[in-house]
Amino acid sequence: MDFNFKHARYFVAAARLGQVSRAAVELNVSQSAVTAAIQQLEALLGAPLLERRPTGVALTPAGSHFLRHAEQIIAAVNEATRIAVDTPAGIVGAVRIGVTYTVAGYFVMPLIHRVQRLFPGIDIILSEAERPEIEAALVAETIDLAVMLTSNLGNQDEIGHETLVRSQRRLWLPAEHALSRKGQVSLADVVNHPYIALTVDEAMKTQAGYWTKAGVHPNVVFQTSSVEAVRTMVAAGMGITVLSDMVYRPWSLEGQRIETCDLSDEIPTMDVGVAWKASRARSQTLLSLIDFLKRNADYEIRRARNREDRR
């Protein structure tokens, strides 16, 4: 039996997500297919890579070591594939792009870096602003494109948009928290614990919607515009929160573990996408840039999470 790319993909997905079932869903294959691929890989390498636990799987020392190499293999293949299909020739001109805070910090910068390498004829001019300012700038044509939370878009009459990524919101918990051992967790369960509320990018408005719909309200002990502050406080056991997978990382800056679990309530996704002035004709350069972002957005989010999982 020879090593193949499927072995690497299935193993990395299970290791990153911590559950074979979640890996199967993400890969759109059966759970037995993921299990079989990992078992074949373990037989090939002659060492167990994942430790099976009641709540999922965890990396063994051999698995942790192999994960780095498997991710490098996947990244190299994906990069080669994307370079092969991208056609930068003849795409030139300046593009003024507005981004919101969360998009700038957790999504778009690796994509912009790749655009600059693959499309040397495009001159990208970036600016960061709040959603209302960005929408006004699009209408006034002082920027050409926005990468923003399309789930928050206000002026849909004058602004066209397309969603690139729908990021699921989940409950963030410190390691070994009592709720992580509960079979099904609801927002009604969360109210019994201290809650850390993120305020940036209109997060409070979004949270108010699904909390009100559930008929309960969180026990907010601290509000902050810093995702890293939320991460530190949750990891330290100072509270729990509900945030999207896009900003999730499994470790705080202090090296403490953060876990997630799904909520039984209906929680809206955090949608990230591109927006433009609807009545304005889009140039070929702008259309090519949008197409590139559409084809690469999800890959960059996964790669960012993989880098953090290695810590």
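The values are calculated or read from the model by the stated rules, or taken from the named source; none is laboratory data. Here the structure is a predicted model, which is why all the values come from computation and not from measurement. Don't worry about glycine lacking a Cβ; one is built from the backbone with ideal geometry, like all the others, and counts go over all protein chains shown. Quick note on the areas: whole protein, heavy atoms, side chains included, nothing else; ligands and nucleic acids left out. Shrake-Rupley method; radii C 1.70, N 1.55, O 1.52, S 1.80 Å.
Contact list please: Cβ distance under 9 Å, first residue in region 181-199 and under 10 Å from H217 (Cβ atoms), second residue hydrophobic (A, V, I, L, M, F, W, C) and open to solvent by 50 Å² or more (accessible area, probe 1.4 Å), pairs at least six apart or on different chains.
What qualifies is Y195/V220; Y195/V221; Y195/F222.
Which residues, counting only those in region 159-182, are over 21 Å from Y195 (Cα atoms) and over 21 Å from the mean Cα position of the chain (by Cα)?
The answer is I159, G160.
Name the residues in region 1-32 that are aliphatic (A, V, I, L, M) and free of Cβ contacts under 8 Å to residues at least 60 places away in the same chain, would you?
Result: M1, A13, A14, L17, V20, A23, A24, V25, L27, V29.
Going by what's in this entry, would V103 be described as under 17 Å from S288 (Cβ atoms), open to solvent by less than 10 Å² (accessible area, probe 1.4 Å), assigned to a helix (DSSP H, G or I) and among the hydrophobic types (A, V, I, L, M, F, W, C)?
no
Would you kindly identify the helices (runs of 4 or more DSSP H) lying entirely within region 158-270 that contain at least 1 residues that are under 30 Å from R53 (Cα atoms) and touching a Gly at 6+ places or on another chain (Cβ under 9 Å)?
Numbers: elements: 187-190, 203-214, 227-235.
Hits in region 158-270: 187-190, 227-235.
Given the condition crowded, with 20+ Cβ neighbours inside 10 Å, at pLDDT 90 or above, under 17 Å from I143 (Cα atoms) and not acidic (D, E), answer yes or no: does some residue in region 278-285 qualify?
Here is the first cut: in region 278-285, the ones crowded, with 20+ Cβ neighbours inside 10 Å are none.
No, there is no match, as no residue in region 278-285 is crowded, with 20+ Cβ neighbours inside 10 Å, at pLDDT 90 or above, under 17 Å from I143 (Cα atoms) and not acidic (D, E).
Of the conditions (1) open to solvent by 30 Å² or more (accessible area, probe 1.4 Å); (2) under 25 Å from G98 (Cβ atoms); (3) in contact with a helix residue (DSSP H, G or I) (Cβ under 6 Å, 6 or more places away or on another chain), Q156 satisfies every one except a single condition; which number is it?
Among (1) open to solvent by 30 Å² or more (accessible area, probe 1.4 Å); (2) under 25 Å from G98 (Cβ atoms); (3) in contact with a helix residue (DSSP H, G or I) (Cβ under 6 Å, 6 or more places away or on another chain), Q156 violates only (3).
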